[in-house]
Each structure stands twice: as structure tokens, then as C-alpha cells.
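This report refers to the structure that appears directly beneath it.
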Amino acid sequence: GAGNTPTDDRFMDFLENYISFGGIVVNTTQCLSGEVELGKYDASNAIKKAGVISAGDMTTESVVCKLMYLLGTGKEKMEIEDLFQKNIVGELTNAKNH
């Protein structure tokens, strides 16, 4: 789907705390088509504001592999999050390459 999630207070507190202490959270989908578009609907606005990043149209397997690769580079969190949202080897077909 588009990336909608529960917004109950305990869930949001957990996400916000985890991200504020340096955690990286990616919202992905298992749908065969479409992509995660954080903020498109109200149900994903809160996690976008909390700092969750979108996997776009990557498969779940691509998300796991890409995170393993990027975390293994030793780069800072902000650079990892930026690189995660760019196409590296064709895993992200709707990438916003800068």
C-alpha cells in the first residue's frame, strides 16, 4: 500500500524515541505494484514527521539488502537515509536521483 500505519500513542512514542536515538526506520510494502508515499494520506503523516523514510517501490528483500549494505559502509545516519532513497543498482524504479 501507500505506507499507512497505526497512529496510536504508544506506537508513535516508540518510533519517535527509536529514531531520536539514532535508529533508522523504513516503511515498505509487500504490494506487487505501487509504492510507499509517506504523507499521501493522513494515516502516514505522523510517521513521516517522526522521521520514518519511504522504501518507495523497492521489494522487501531489496530493502533488507540495501540497509545491510549501507549500514556496513560506516556512513553517518543522515547520509545513509539519503542514499537509501536513491537508486543504486535498479532496486528503486521511481527514484528521485539528485
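The values are calculated or read from the model by the stated rules, or taken from the named source; none is laboratory data. Just so it is clear, the structure is predicted and the values come from calculations on it, not from any experiment. Every residue, glycine among them, receives a Cβ derived from its backbone with ideal geometry; neighbour counts consider all protein chains shown. The area values use the complete protein model at the heavy-atom level, side chains included, leaving out ligands, DNA and RNA. Shrake-Rupley method; radii C 1.70, N 1.55, O 1.52, S 1.80 Å.
What the table shows:
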| quantity | calculated |
| --- | --- |
| Percent accessible area from carbon and sulfur atoms, the chain, protein chains only, probe 1.4 Å | 54 percent |
| Anisotropy class of the stretch 48-98 from Cα gyration tensor, a/c 1.5 cut | rounded |
| Neighbour net charge for residue 12 - beta-carbon separation under 12 angstrom, K R +1, D E -1 | -1 |
| Qualifying chymotrypsin sites (Phe, Trp or Tyr not before Pro) for the stretch 3-54 [loop in DSSP, other Cβ within 10 Å: at most 12] | 21, 41 |
| Stokes-Einstein D (µm²/s) once Rh is taken as the Kirkwood radius of the chain over alpha-carbon pairs, at 4 °C in 1.567 mPa s | 94 µm²/s |
